[in-house]
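See below for the structure under consideration.
The values are calculated or read from the model by the stated rules, or taken from the named source; none is laboratory data. Every value quoted in this text rests on a predicted model; they were computed, and no experiment measured them. Please note: Cβ atoms are built from the backbone with ideal geometry, for glycine as well, and neighbour counts cover all protein chains shown.
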Amino acid sequence: MKNIINLLVVMLTLITLSMEKALAATAKGNADVYKVTMRKIELCTGYTVVDFDNVHTADACHNAVVIGSGDKEVDIASVSAGAAAANYGDPALLPLGETYTHMRVTVDRKFVIKSESALDTGGSNDTDNCVTTATTDAQFGSGSSEAARKYSHRVAVAEGGTNAEMNMYMINGRQSDESTTNYTQCFNANCSQNNSSWRWNYAKDASELTSAIAMRTMRSSLTTDDIQLVYALSAPYTVSLIPPTIDISFGTRSALGVQEVSNSAGDGTPTANDGMCSFYPEEPIVTITIN
């Protein structure tokens, strides 16, 4: 008898739960390019509730078996994304008769995103034509670079630029019950105007996640480029003599976020006269079927 696992997950649960100094002017748009670097996929025989700092540990994924590893960039907005992602793993590595109940996914904190359509933040006229643009070192500040500040700074770009693929990152954050500041928001194109007291929240427990049951918190003290997420399978999967088939489909509607940032009107009100566009990744929906 076939064992079918229908797993509707959010591969990257990126939405803020609440962002202090958040702006009223925010919007979401469809991603026409959404490149994710897959690093590892594991199946687990069980899961023990852990602090989200410990999602990478054995308690979070019992008897883990790696079915795919090594960096593989997948544009999940493309029509061939499902096949590319499915071919990443090899379920033939699973031991016969073992039953799996959870999956742990490791991806890079960097995403490459492009939207063909301009987005309107809903704020001032300065940000009613926001487009993704190519990322440069200059956007992160004089004397620094993208590599040095990719997790600590979020850049700003003027509206109406040349549409291109843009590098975006899961920046430094905190759990939702904490009050520490954790990243710098740039207010202009070279980040000479900025505020270092912004706060980005990640989930504290499973009740705050959409589909994943655990997601490692990206704190400023964390040196890794990886993020791990754990998902509960909708039904246990027991390995049989019949090789399983993995089908994966993706949805990237509303997977790109943008907000208005302003040095003179930090709340994003329509009265701002120096508003800039600041992009961030939202959550793509991933459907995985094993049968």
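For residue 133, state whether it is surrounded by fewer than 21 Cβ atoms within 10 Å (Cβ to Cβ) and of a type in the set (S, T, N, Q). Criteria not met by residue 133.
Answer with yes or no whether residue 134 is modelled with pLDDT of 90 or more, over 18 Å from residue 33 (Cβ atoms) and of a type in the set (A, V, I, L, M). It is false that residue 134 is modelled with pLDDT of 90 or more, over 18 Å from residue 33 (Cβ atoms) and of a type in the set (A, V, I, L, M). Examine the stretch 208-218 for a residue that is at pLDDT 70 or above, buried (at least 20 other Cβ atoms within 10 Å of the Cβ), in a loop (DSSP other than H, G, I, E, B) and basic (Lys, Arg), and state whether such a residue exists. Looking through the stretch 208-218, at least one residue is at pLDDT 70 or above, buried (at least 20 other Cβ atoms within 10 Å of the Cβ), in a loop (DSSP other than H, G, I, E, B) and basic (Lys, Arg). On inspection, residue 76 does not qualify as under 17 Å from the mean Cα position of the chain (by Cα), under 20 Å from residue 234 (Cα atoms) and of a type outside the set (Gly, Ala, Ser).
How about the stretch 157-192: which of its residues are out of contact with any strand residue (DSSP E or B) (no Cβ under 9 Å at 6 or more places or on another chain) and either of a type in the set (Ser, Thr, Tyr) or buried (at least 21 other Cβ atoms within 10 Å of the Cβ) (or both)? Passing the criteria: 162, 179.
The residue of the stretch 219-243 that is farthest from residue 36 (Cα to Cα), among those that are assigned to a loop (DSSP other than H, G, I, E, B) and not polar (S, T, N, Q), is 241.
Among the residues of the stretch 149-191, those that are part of a loop (DSSP other than H, G, I, E, B) and of a type in the set (D, E, K, R) comprise 150, 159, 165, 177, 178. Note on the stretch 219-271: residues that are among the polar types (S, T, N, Q), at pLDDT below 85 and more than 27 Å from residue 153 (Cβ to Cβ) amount to 3. Checked against the criterion of being touching a Leu at 6+ places or on another chain (Cβ under 9 Å) and modelled with pLDDT under 85, the candidates 43, 12 yield just one match: 12.
Within the stretch 50-77, which residues are in a loop (DSSP other than H, G, I, E, B) and either under 30 Å from residue 123 (Cα atoms) or in contact with a strand residue (DSSP E or B) (Cβ under 8 Å, 6 or more places away or on another chain) (or both)? Lay out the reasoning, then the answer.
Going through the stretch 50-77, the residues in a loop (DSSP other than H, G, I, E, B) turn out to be 50-51, 55-57, 61-64, 76-77.
Residues satisfying the conditions are 50, 55, 56, 61, 62, 63, 64, 76, 77.
Selection over the stretch 31-56 of residues that are of a type in the set (Gly, Ala, Ser) and surrounded by 22 or more Cβ atoms within 10 Å (Cβ to Cβ) gives a count of 1.
Of the listed requirements (1) at pLDDT below 95; (2) outside any loop (DSSP other than H, G, I, E, B); (3) within 22 Å of the chain's Cα centre (by Cα), residue 117 misses just one: (2). If you go through the stretch 25-40 one residue at a time, do you hit one that is among the hydrophobic types (A, V, I, L, M, F, W, C), closer than 23 Å to residue 217 by Cα and either modelled with pLDDT under 90 or in contact with a helix residue (DSSP H, G or I) (Cβ under 9 Å, 6 or more places away or on another chain) (or both)? Yes: one or more hits. If I ask for residues that are free of Cβ contacts under 8 Å to residues at least 24 places away in the same chain and among the small types (Gly, Ala, Ser), which ones from the stretch 38-66 would you list? Passing the criteria: only 58.
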